Every structure is written in C-alpha cells, then in structure tokens.
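Visitor: I'd like to ask you about the structure that follows.
The values are calculated or read from the model by the stated rules, or taken from the named source; none is laboratory data. Just so it is clear, the structure is predicted and the values come from calculations on it, not from any experiment. Quick reminder, even Gly has a Cβ in these numbers, built from the backbone with ideal geometry, and neighbours come from all protein chains shown. Only protein heavy atoms, including side chains, enter the accessible area calculation; ligands, DNA and RNA are left aside. Shrake-Rupley method; radii C 1.70, N 1.55, O 1.52, S 1.80 Å.
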Amino acid sequence: MEWWKKAVIYQIYPKSFMDSDGDGFGDLNGITSKLDYLEELGIDAIWLCPVYLSPQVDNGYDISDYLQIDPMFGTMEDMDLLISEAKKRNIRIIMDLVLNHTSDHHPWFRQAIQSPDSEFHDFYVFRDGNPGSPPNDMRACFGGSAWTYVPSLKQYYFHQFAEQQPDLNWDNIEVRKQLYEIINFWISKGVGGFRFDVIDQIAKEPDLEITANGPLLHAYTREMNQNTFGGRNMITVGETWSADIQSAREFSDPRGKEFSMVFQFEHIQLDQQKGKEKWDLAPLFLSDLKDVINKWQTGLYNHGWNSLFWNNHDLPRIVSRWGNDQEYREVSAKMLATLLYGLQGTPYIYQGEELGMTNIKLPISEYKDLETLNLYHDRIAKGYSEAEVMQSIYARSRDNARTPMQWSDSSNAGFSKGNPWLKINPNYREINAEHELSDPNSVFHYYQKLIKLRRQYDIFTEGKFHLLLENHPQIFAYERTCKTERLLVICNFSNKPAEFPNNLLGDSPELLISNLPFTRSTHLEPYQSFMVLNHLPK
Ligand code: GLC
C-alpha cells in the first residue's frame, strides 16, 4: 500500500508559524525549531505553503523565482536543513507549487511584456484589444476583470487571480518543459511530494470563457506526472475547486497516472447561498453535509482516494464555523475531528487546528488578505452596509486562518519577538500549545490519539463506508466495515443533547476514542462523539 494512505499531513503557513529572527514573519528556521512538536503530534508529512521568492501580493502564491527561497523565509541552506531535520523524524516535506500563474515580477513575464517578439511572450495569455474594451467579460477570482491592458503592446493579458498573477500558457510546450524542470529540481532536493495550486485551472480557454476543467486538463496532468514524479512513491495532491466524482476519479485513479488525490471543496461550500459567493452566508444543514460526505466516500471507494480536511489557509477555522468556539470549544473541536478521522482518505491538519484555534474579528484596517480587502471595497461601493460586509468577513476572511500560531501565553503568543505581521488572536492566553501539551485532555492530545489509531487499525484505511441515521437531525453517524471488524463513529453535531437507537452499538463495543466519558448510553451530550470497534462473528 502507498505510504500516504496511512499518513496524516500537517499544513504550515510559513508566514504565521514561527518567527526565528524577530522580523515579525514566520520562517524556515522557525519551522525547523518546531519539528519536535510536530513529531510529538505524530504527523507524517508537512505541506509547506509557498516559500519561494515572491513580491508577496498573495502571500507567496505569486512566485517570481521557483528555485529560490524568499529572504523573508530564509535561504536555500535553511530549506535543506528543514528537509534533512524533518527526515530524521520521518517527516516528509510537500512543496506547494503554483503552476497556473507566476508573479508579474517573474523574469518570464518581465520579458513577455517587453515585446510580442520576445521568446517569453507566448509563455502567457495575451489578446489584442483597445483600452477599455477587454476581449470578454471574464472576472478574476479576487475581483475585477480577468484582463489587464499593457499599453505598449496594445494587448491584454489574462489572469484568473490578481492582476499581479498573470496566467501561464500551458498550451505552449516550452512552458510545460520549464515547469517540469522546476518540479524535478525539487524532487532532486529530496522532498516527499507536491501540492498543486488551482491545478484544475491550468488548461483554461479564455476565448471560450472556460477556466476550470479545460479540455486538455487531464492530458497535461498526465504528461506532468510522466515527466516528473510518476512512479516515485511521492504524495501529490491537486487543488481542484471544480472537481466532481468523475473528474476526481480520473485525477486520483489507483493506477497512478495523475495525482495521489485531490482537494475537492463541495462540503466546504454548503453554508453559502446557492449560486452566490462564499461571502453570502447561509446556515449549514446537517443533511446536506451527510449527503456530500456519503457521496464522496462511496464515489471514490476503490476508484480513487479522498483527502480529508475542514481547514486550510483559505478557509475559516472549523470550530468557529461548524462547532462552537465559546462554551463547547474543546468538545466541539474534538467532535469535528472524530467525524473526519473515521473517514477513508488522507487527513490534513491545518496549523492550530490541533489546538482548536478560532476565527478572529479585526477592524478592517488590520486585515492583510487582498481578497478580503477587495471584497470590502467592492461591496461597500455596491451599497452593502458596513455591518453586513464585516459579518461576511468575520465568517469567511482568509485571515481567520492566518493569524499567527499560538505557542504559549507569553508575549505575541511565543510566535515572534518582533512585531507580528498580522494581529494575534487575543485568546492566545487560554488557547496555546504549551498549555495543551501539559493537559492530557486537550484538543492536541485528542488529535495525537486519532493519528495513532489511524496508524494502528487498518480499518481506517480500508473499511467500506456506510452512512447511518440518515435522517437524524442532530447526529452524524457512520460505520466502516471490513470482513472481521466494524468501526462505528457517532457524533452529536449540535449544541443540544441527542439520542440514538440502542441497536447501533453492537454486542461488545471496544472504545477507541471519546471526547466525553463513554458510558454505553444512547444519550449524547452536546457535541459528544466517539468511535467504537466491534469484532464481527467469523
Ligand atoms: C489557491 C491558494 C490561494 C491562492 C490562490 C491563487 O486557491 O490556496 O491561497 O490565493 O490559489 O494562487
């Protein structure tokens, strides 16, 4: 079996993880200094968000040199040290590669806009046009038109994200060759795999207004696989907001021609108004979450592989979102972990999730994320009220996840001796790693235990998923079965007590984990959850 099927991945947002030199930004040596902490948690690999040279318009997702480390994060020697120190602890490093676009500071783009005759001009997507009338009405993901005019060329260039993130032209074989060389450079450095940023958008066809899932997408990802990581026992995960079961099967087919797995986001979009943007909030219906998880668990069984996550650097903190970050913070954070860690797939922990870190509310002047700031100005200009816009931002801003890691109750939460680049959540005095490490009942130790269980019992990797209590309004329950065992997972997804039928537990349930004392009763306290194992008669 591939190692990553039993692995748990920890995502690091380097700017906010640990600052070793007091400039207010986290860095590579800061990460290296915390490897013992990660080893203690029990993770197998680190997904490292971009640390390459970058003007940091989108916090490193705008790369100006893929083969250099941004001085803010350290040097290539620091990177080598991180890789080798991690290896000593059996932790692999997964690099985050942004291959759909570069920064507008990348030398390729600099040359591309010099002249249409430049050899790099066709590295990007240019179209002729007149000022004020772009080729079409396509919008960029961070607001505004997807086309920016270059007067000296009398042409527009295409960008699906910020205007400082010009899209690469994957239809140009030279572009693809250069990108494969970059991947191979990092493979030769000894990394354990890659996370491919917005990979479903590389095969765009802007003239047809196609962004995700272009006709040549899978041809390109297959070609990339063959020319780089294919057959090397590495973990690869594509970020694919557009994925459905069919395309996810293709991406993560067990024959291994594309990726190990993809991130799909269907579950994470259930609490927004249909057909609207993520800022347009709606309540989550548990029945929708059950449907979506059921669909993906059964849809990829034997045909692909799931990634399991509630959080990342683009999403709000799950305990604030679907748990309760006040009186039930710990118990609801553990419930959400229980629900996720019983599923089939590879779990991803986003830094601070293992502490039950929460969302933050800041005055608008303190937000740093360009998507948040664009949204704010956009909606205020459209006439939304300040209160309404701030409510969306409190719930959805990407900066919720990006506040610095809370290491201790000392100044700046032990994150930095300088002035942190983004405000620290004031609750760091209660919620921090030092405190949780010393408390055997902490969220940290709960995650640690879940990780151990997944390693210990093969049923987590192999068992077949069946949704239970489909229509129960409060309880999310399921089982995983294989020939000899049945794993039962029961979660009260609400802040009210709940009851489940007494035939569910089985004859001799062996308790694996529970977030409140387990009594075999069919009564559940708010957010109570547990996992039990039954041995099936031969
Ligand atoms: C992905 C990243 C996000 C970034 C965007 C553009 O969605 O996760 O942080 O802003 O791609 O690169």
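Visitor: Show the residue pairs that are 6+ apart or on different chains and have beta-carbon atoms under 7 Å apart, the first residue being within segment 61-72 and away from the ligand (no atom under 15 Å from the Cβ), the second being of a type in the set (S, T, N, Q).
Guide: I69/T75; D70/S54
Visitor: A follow-up question, please. Looking only at segment 236-271, filter to residues that are in a loop (DSSP other than H, G, I, E, B) and charged (D, E, K, R); which one of those is nearest to the chain's Cα centre (by Cα)?
Guide: Quick first cut of segment 236-271, residues in a loop (DSSP other than H, G, I, E, B) only: 240-244, 252-260, 264-266, 270-271.
Narrowing the set further to residues that are charged (D, E, K, R) leaves 244, 253, 255, 257-258, 266, 271.
Working: D244: 17, D253: 21, R255: 24, K257: 23, E258: 19, E266: 13, D271: 18 Å.
My answer is E266.
Visitor: Still on this structure, I have one more. Only residues in segment 137-150 that are within 15 Å of the ligand (Cβ to nearest atom) and open to solvent by 40 Å² or more (accessible area, probe 1.4 Å) count as the first member; pair them with residues that are of a type in the set (S, T, Y) and modelled with pLDDT of 95 or more, Cβ under 8 angstrom, at least 6 apart or cross-chain, and list the lot.
Guide: R139/S145
Visitor: Turning to a different aspect of this structure: With the requirement that a residue be within 16 Å of the ligand (Cβ to nearest atom), out of contact with any strand residue (DSSP E or B) (no Cβ under 7 Å at 6 or more places or on another chain) and under 19 Å from S287 (Cα atoms), what does segment 307-336 give you?
Guide: Matches in segment 307-336: W310 only.
Visitor: Would you mention how many residues in segment 337-384 are in contact with a strand residue (DSSP E or B) (Cβ under 7 Å, 6 or more places away or on another chain) and either open to solvent by less than 10 Å² (accessible area, probe 1.4 Å) or part of a helix (DSSP H, G or I) (or both)? Outline the logic, then answer.
Guide: Within segment 337-384, the first condition is being in contact with a strand residue (DSSP E or B) (Cβ under 7 Å, 6 or more places away or on another chain), and the residues that meet it are 338-351.
Now restrict to residues that are either open to solvent by less than 10 Å² (accessible area, probe 1.4 Å) or part of a helix (DSSP H, G or I) (or both): 338-343, 345-351.
So the answer is 13.
Visitor: Quick one: which residue in L339, L373, L355, L362 is within 16 Å of the ligand (Cβ to nearest atom) and either among the aliphatic types (A, V, I, L, M) or at pLDDT below 95 (or both)?
Guide: On the way: L339 fails: within 16 Å of the ligand (Cβ to nearest atom); L355 fails: within 16 Å of the ligand (Cβ to nearest atom); L362 fails: within 16 Å of the ligand (Cβ to nearest atom).
On inspection, the qualifying residue turns out to be L373.
Visitor: Can you find even one residue in segment 286-297 that is at pLDDT 95 or above, open to solvent by 40 Å² or more (accessible area, probe 1.4 Å) and under 19 Å from the mean Cα position of the chain (by Cα)? Spell out how you get there, then give the answer.
Guide: Step one: of segment 286-297, the residues at pLDDT 95 or above are 286-297.
Going one step further and asking which of them are open to solvent by 40 Å² or more (accessible area, probe 1.4 Å), we end up with 287-288, 291, 294-295.
From what is left, the residues that are under 19 Å from the mean Cα position of the chain (by Cα) are none.
No: segment 286-297 contains no residue that is at pLDDT 95 or above, open to solvent by 40 Å² or more (accessible area, probe 1.4 Å) and under 19 Å from the mean Cα position of the chain (by Cα).
Visitor: When you scan segment 173-185, do you find a residue that is part of a helix (DSSP H, G or I) and within 16 Å of the ligand (Cβ to nearest atom), even just one? Steps first, please.
Guide: Step one: of segment 173-185, the residues part of a helix (DSSP H, G or I) are 173-185.
Restricting the remaining residues to those that are within 16 Å of the ligand (Cβ to nearest atom) gives 179, 182.
Scanning segment 173-185 turns up at least one residue that is part of a helix (DSSP H, G or I) and within 16 Å of the ligand (Cβ to nearest atom).
Visitor: Just checking, which of P517, P497, P509, P426 is open to solvent by 60 Å² or more (accessible area, probe 1.4 Å) and farther than 30 Å from L38 by Cα? Don't jump to the end; show me each part of the working.
Guide: Details: P517 fails: farther than 30 Å from L38 by Cα; P509 fails: open to solvent by 60 Å² or more (accessible area, probe 1.4 Å); P426 fails: farther than 30 Å from L38 by Cα.
On inspection, the qualifying residue turns out to be P497.
Visitor: A further question on this structure: Specify the residue that is nearest to the chain's Cα centre (by Cα); the eligible residues are those in segment 324-356 that are within 18 Å of I268 (Cβ to Cβ) and among the charged types (D, E, K, R).
Guide: Restricting to residues being within 18 Å of I268 (Cβ to Cβ) and among the charged types (D, E, K, R), the top hit is E353.
Visitor: Additional query: Can you report the number of residues in segment 189-209 which are free of Cβ contacts under 8 Å to residues at least 60 places away in the same chain and under 15 Å from A140 (Cβ atoms)?
Guide: Selection size over segment 189-209: 0.
Visitor: Can you give me the number of residues within segment 302-323 that are part of a loop (DSSP other than H, G, I, E, B), under 21 Å from the mean Cα position of the chain (by Cα) and not acidic (D, E)? So that I can check it myself, show each step before the final result.
Guide: Applying the first criterion (part of a loop (DSSP other than H, G, I, E, B)) to segment 302-323 yields 302-305, 309-317, 322-323.
Filter once more, keeping what is under 21 Å from the mean Cα position of the chain (by Cα): 304-305, 309-317, 322-323.
This time we only want the ones that are not acidic (D, E), so: 304-305, 309-313, 315-317, 322-323.
Qualifying residue count for the region: 12.
Visitor: From the list Q272, Q264, exactly one residue is in contact (Cβ under 8 Å) with a residue 12 or more places away in the chain, surrounded by 15 or more Cβ atoms within 10 Å (Cβ to Cβ) and polar (S, T, N, Q). Which is it? Please lay out each step first, then the result.
Guide: Numbers: Q272 fails: in contact (Cβ under 8 Å) with a residue 12 or more places away in the chain.
Sole residue among the options that is in contact (Cβ under 8 Å) with a residue 12 or more places away in the chain, surrounded by 15 or more Cβ atoms within 10 Å (Cβ to Cβ) and polar (S, T, N, Q): Q264.
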